[in-house]
1. To the nearest 20 debye, what charge dipole does the chain have about its Cα centre, counting +1 at the Cβ of each Lys and Arg and -1 at the Cβ of each Asp and Glu?
2. I'd like to know which of I191, L218, V309 lies farthest towards the positive end of the charge dipole of the chain, counting +1 on Cβ of Lys and Arg and -1 on Cβ of Asp and Glu.
3. Only Cα pairs under 8 Å and at least 6 apart count here; give the relative contact order of the chain as a rounded whole percent.
4. Of P267, T228, V207, which is farthest on the positive side of the dipole of the chain, counting Cα position, with +1 on Lys and Arg Cβ, -1 on Asp and Glu Cβ, and the Cα centre as origin?
5. When the convex hull of the Cα atoms of the range 117-240 is projected onto a plane and the area is averaged over all directions, what value comes out in nm²?
6. So, with a 1.4 angstrom probe, what is the percent of accessible area on the range 122-207 that is carbon and sulfur?
7. Give the accessible area for H154 in Å² (nearest 10); use a 1.4 Å probe, count only protein heavy atoms, and leave out ligands, DNA and RNA.
8. Looking at (i) 85, 20, 15; (ii) 75, 18, 14; (iii) 35, 26, 17, which value of semi-axes √(5λ) of the Cα gyration tensor in Å comes from a calculation on the structure shown?
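The values are calculated or read from the model by the stated rules, or taken from the named source; none is laboratory data. Because the structure is a prediction, the values reported are computed rather than measured. Positions of Cβ are backbone-derived with ideal geometry, glycine not excepted, and every protein chain shown enters the neighbour counts. For accessibility, only protein heavy atoms count, side chains too; no ligands or nucleic acids. Shrake-Rupley method; radii C 1.70, N 1.55, O 1.52, S 1.80 Å.
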Amino acid sequence: MMVLLLADLGWGGFTAGATRWYFADRDGSSFYAQETVLTVGPWDGTGSRCSFSTSVDRADFYIYSFSYDPYTDTGYAYYDGTYLVDFVNAYRSFYFSESGMRVLKFPLIVGDTWQTVDTCKYALGVKRSIGYDENWDGLEDSLYYDTSYAVLVHYSGDTAEVHIYPFKVIFYYTGMWPDTGGYMGCCEEHIAHHYIRLRYVNGTGMVLFSTDSLVGYLVYSLVDTTTTPWDTIPLPPLRYWFFTNFNVWTYTTTSVSEIRPRITFTPYRLNGRRLTALEDLTLYSYDGRLVGEVRKGSTVSLKPGLYFVRSRGRTGKVVVR
């Protein structure tokens, strides 16, 4: 058994000015991205639910993607003496951005398991508004994070690998809708299970982020409106979609002069909230509902939210802010 007794934020590669290049594949769209650490300094937890009696090390970083639809992203990481927390506020990791993830626990002990959802922004199980109406029923929807666990499966030399099995994000949709007969459907929960591999190298930082699979489950209730009072019948979870290799970022030492975007699946152009189809495509909401079929050259206006695009037998993701 190997034990690392001392660590700091530099273990995750978070030193001021550090730059890393990644080759990323997100839902079939391949591109390069550059991550740069802007600042590293003390943080007492201001702006979060946490208050550290002794300031911890926090690093703010910036990401730029070299893709057909380039985007910029900011986020931060911190080390509290036990956990290295990454991805906080980083929009590239849409599902984790409002919580952050405890990616490493020190000392590093193979087989060690810990709750991986960082709770300095939001407590587990507490619903928070997502700021828009995801299921278009006129009511603002919410999400919350459920208990998730990580395990250190490998630590040798300067390399540590963690598996998360899984990271759980639950979107909660309010409102009721007609079902069958005298029944109404109510209060959907769309549960996303992310099975993730993370690999960090001491001093370099993250060299692999892989969502090996993403599984979606639907839970809701049937309400019998013919009874007084109404009877509620909870339905068991229904698995309704499954993706493999959903989001993979791999560290690369490719020089800047050699960077070339490689776009393998971008059948649309997004300008604000207006999506223009570059080829025939089918558009779905996050919960799998058909939004519509969009012909090549046509433009549609979308509400803020997460959508899936399918074209030529491949599926991609669109985030509308």
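1. On the way: 28 positive and 33 negative charges, 179 e Å.
In debye, rounded to 20, the chain gives about 860.
2. Looking along the dipole axis, the top candidate is V309.
3. 15 percent
4. The residue sitting most towards the positive pole is P267.
5. Working: hull surface 40.0 nm².
Its average projected convex-hull area is 10.0 nm².
6. On the way: 1820 of 3480 Å².
Carbon and sulfur: 52 percent of the exposed surface of the range 122-207.
7. Surface accessible to solvent at H154 totals approximately 80 Å².
8. The value computed from this structure is option (iii).
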